[in-house]
1. Working only within the range 52-72, note down all residues that are in a loop (DSSP other than H, G, I, E, B) and closer than 18 Å to T35 by Cα.
2. Restricted to the range 32-71, and to residues that are open to solvent by less than 80 Å² (accessible area, probe 1.4 Å) and aliphatic (A, V, I, L, M), which residue is farthest from E87 (Cα to Cα)?
3. Against the conditions (1) among the charged types (D, E, K, R); (2) under 17 Å from the mean Cα position of the chain (by Cα); (3) within 15 Å of R33 (Cβ to Cβ); (4) surrounded by 13 or more Cβ atoms within 10 Å (Cβ to Cβ), where does R75 fall short? Just the number, please.
4. How many residues are at negative phi and open to solvent by less than 50 Å² (accessible area, probe 1.4 Å) if we restrict to the range 91-104?
5. Give me a count of the residues in the range 5-31 that are at pLDDT 90 or above and basic (K, R).
6. Where residues in the range 11-31 are out of contact with any strand residue (DSSP E or B) (no Cβ under 9 Å at 6 or more places or on another chain), within 22 Å of N98 (Cα to Cα) and touching a residue at least 24 places away in the same chain (Cβ under 8 Å), which of them is surrounded by the fewest Cβ atoms within 10 Å (Cβ to Cβ)?
Amino acid sequence: EITCLTRPMDSRTGIWQARRILLQHCTWGGSSRGTREFVEKQLPVWRQKFPSIPVEVVEKKNRHPFVNGAYVNGRRKVIGLKNQDAETVEKFMDLLANQWGGKNVTHTGKGIETRHQSISGVWTPFTNRPMPTKSE
């Protein structure tokens, strides 16, 4: 009998890269309302969806909620959950579970690289027209 996986493995290695997820929230703070709702109602279903990833729930007073993903390669990714609803918390948990833990890359600098960069500036319809001369 052939069994099918309920979700795909990591396409590069075949191993889930997320080692563990830490979910921290406050027991009474208003900014943790959605996170508390997620923990009470949706976390058991999420754990069935991702059985290989352990989730640690930590309650700390007077702290904003966040989720912290630890990966096989040693990297950690932290996402703040301040004032987020339960559905958004679940999306962030899915995001961390499906990532491979690579470095966050910020793209800076010029968008286009050419061999000969323009020193004249941006082209306009008047770029190649001759300059008008004063005639008397």
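1. Passing the criteria: P54, K60, K61, N62, R63, H64, P65.
2. A70
3. The number of the failed condition is (3).
4. Residues flagged as at negative phi and open to solvent by less than 50 Å² (accessible area, probe 1.4 Å) within the range 91-104 amount to 5.
5. 2
6. Among them, the one singled out is R12.
The values are calculated or read from the model by the stated rules, or taken from the named source; none is laboratory data. These numbers were taken from a predicted model, which means no experiment stands behind them. As a convention, Cβ positions derive from the backbone with ideal geometry for all residues, glycine included, and neighbour counts pool all protein chains shown. The accessibility values were calculated without ligands, DNA or RNA, using every heavy atom of the protein model including side chains. Shrake-Rupley method; radii C 1.70, N 1.55, O 1.52, S 1.80 Å.
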